[in-house]
Amino acid sequence: MMRRLVAVCLAAATVVAVAGCGAADPSADPSGAALPSVGTSASTSPGASASTSASAGVSTVPVADPSHAVPAPGPRSGDLHSADILVRASTTLTPAQIAAIKAIPKVTGVEQLSIGEVSIEDKLLNVVAVDPATYRNYTPLASADSTEVWDRVAGGELAVNPDLKKQLPPDANGYWQMGSNASAPKIHVGAWAAQIPGLVDAVVNTAWGTSLGMVPDNAVIISTAITSPERVAKPLKKLLGSSASVQRLDVVARLGLDPDVRQFANVVGTVAQAVGHYTYRVLGGGMIAPDPAWVTSHIVTDTVPILGRVTCNRLLFPQLKAALAEVQARGLAGTIHSTAGCYYPRFIAGTSSLSNHAFGLAIDIDAPQNERGTAGQMNRQVVQIFEEWGFTWGGTWHYTDPMHFEMNKIVTPR
């Protein structure tokens, strides 16, 4: 009970800021209306419904994207739940599996959703596609009780963890591009709202989940209330076997990833084919150990023009070779001197987020002259050639990485 009280107190201190749209007026939404901030004054006690004049199914805000809208949830109902365990699979969890999970003693709440990784500026962000009416009860109190946040999600907008506001600000019109490909869909950031700590970076509704190519209902958030999550995790692992990952989300587990847990990555977008079914275990020093069978089938060493032998994802080589051959043909080979490599099975430094290097889908060129946070010295004609061959250049990112080129689509040379 003490843990629940502490969690509620911390959550009540969280301020949920509703995001703006438009460079001239950051407090305006797509309809031009002013967007208020939602703070602790709108919060209610655990287990109670928020008091508002809105009714379920009637949005408190204009619908931003009718083609990706679902019914507005209206005010919150039901009890708040702690998010204690994540069950995640590479395929949809069946109704029989969900029923069996609910039947495990001490399971007090179960919320099925979709989860996948979306690559934004070489950061693989955890994005969940949810039912806004029920998922909200697993978020911190201030987020859960904000009707406007979840009406915006229902209306086709993003709710994003506030920690990412400075790291990955939206574009001038308030949109995030959901992938590194120029044709990747853009979603308006409707709210900066605290999510499940250590797990969720951004939230969309189920209509957007389908458009993003996420595996439907491949994950479950489980609450164990005052029971230690470990007591539920053991029967869960026995029930699901190797078909799913069982990850504790409680504060003890969040201090570090469990090396005994097989982690899943469900990459969505145009490069998903190049990744396929990817599982890994956590090692020390920020390193990971992908499934050896995946490495055997996906990672190869080959010789490419200018750079020589490199180790990358096998599906990257055709367009990497084509890009470098064109660089050579245009007389630009002398502008490239070295590579810092392609395949790195590790997290981004200082984080628990995977980079596209973990899949062998990115390559760093001339690292000494193109350090992060600088404009770099990369020849812009070389950049253009790589972009034409299906690569995104890190030199245009919010926090620049001019050495970095990553695959944003699969291109087959003729």
Candidate lysines - alpha carbon under 21 Å from Lys166, same-chain residues fewer than 8 apart omitted: Lys123, Lys186
Listed with the fewest Cβ neighbours within 10 Å leading, Asp366, Asp401 appear as Asp366, Asp401
So how do Thr270, Thr374 line up by other beta-carbon neighbours within 10 Å, fewest first? Thr374, Thr270
Order by neighbour count: Tyr138, Tyr280, fewest other Cβ atoms within 10 Å first, most last. Tyr280, Tyr138
What trypsin sites (Lys or Arg not before Pro) does the stretch 302-381 have in DSSP loop regions with at most 16 other beta carbons within 10 Å? Arg314, Arg330, Arg372
Rounded to one decimal in nm, the spacing of the 7 Å Cα→Cβ label points at Gln369 and Thr296 is 4.1 nm
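Computed from the coordinates by the stated procedures, all read-outs in this text should not be read as laboratory data. As the structure is a prediction and not an experimental result, all values here were calculated from the model. In this analysis, Cβ positions are derived from the backbone assuming ideal geometry, glycine residues included, and neighbour counts consider all displayed protein chains.
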